[in-house]
Amino acid sequence: MLTREISISGTDYHVTLTDQLLNQVNNLKSLYDTAYEDPESFEEVSSEISTAINDIAAQAEPPVLDDDLDKFIQEIIKVVDKKAAEIEELEGKSIKLKKETKPEKHSKSKK
């Protein structure tokens, strides 16, 4: 698990990137997408968005101030997106290395 520091308005917030947090952030992004794609659904998902934001913010130390909440959420989304890109890149390299290190199969000819 990695701990990240997010500085907003002179306050340093520390948050640990757990699987739960990553899932919560991805869920929030999905809720944002739903509200954006279908503005009529915003009223239905707004309470879920609020809950997701509060759950994410609750994992920060010290507690996120109300004035910092929007910027904190924007920053945590960036952090999670960057982490996902790093994981994807590492997995891509790992797959490439596995393919390169596989021994070639030689067929034996029958005489």
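The values are calculated or read from the model by the stated rules, or taken from the named source; none is laboratory data. The model shown is predicted, which means the values in this text are computed figures rather than measured ones. No Cβ is skipped: glycine too gets one built from the backbone with ideal geometry, and neighbour counts run over all protein chains shown.
What the table shows:
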| quantity | calculated |
| --- | --- |
| Top-ranked residue of region 38-63 - restricted to ones that are assigned to a helix (DSSP H, G or I) and modelled with pLDDT under 90, ranked as nearest to V80 (Cα to Cα) | F42 |
| Residue within region 10-18 that is part of a strand (DSSP E or B) and polar (S, T, N, Q) present | yes |
| Output for region 3-37, where each listed residue is β-branched (V, I, T), in contact with a strand residue (DSSP E or B) (Cβ under 7 Å, 6 or more places away or on another chain) and under 18 Å from I87 (Cα atoms) | T3, T16 |
| Residue check for V25: assigned to a helix (DSSP H, G or I) and in contact with a Leu (Cβ under 7 Å, 6 or more places away or on another chain) | no |
| Answer residue from region 64-88, given it is in a helix (DSSP H, G or I) and in contact with a Phe, Trp or Tyr (Cβ under 8 Å, 6 or more places away or on another chain) and is nearest to T18 (Cα to Cα) among those | F72 |
| Residues (modelled with pLDDT of 70 or more and aliphatic (A, V, I, L, M)) located in region 80-107 | V80, A84, A85, I87, L90, I95 |
| Pair list, Cβ under 6 Å, 6 or more apart: region 23-34 residue over 10 Å from D55 (Cβ atoms), other residue outside any helix (DSSP H, G or I) and aromatic (F, W, Y) | none |
| Every residue from region 37-62 that is in contact (Cβ under 8 Å) with a residue 12 or more places away in the chain and of a type outside the set (D, E, K, R) | V45, I49, A52, I53, I56, A57, Q59, A60, P62 |
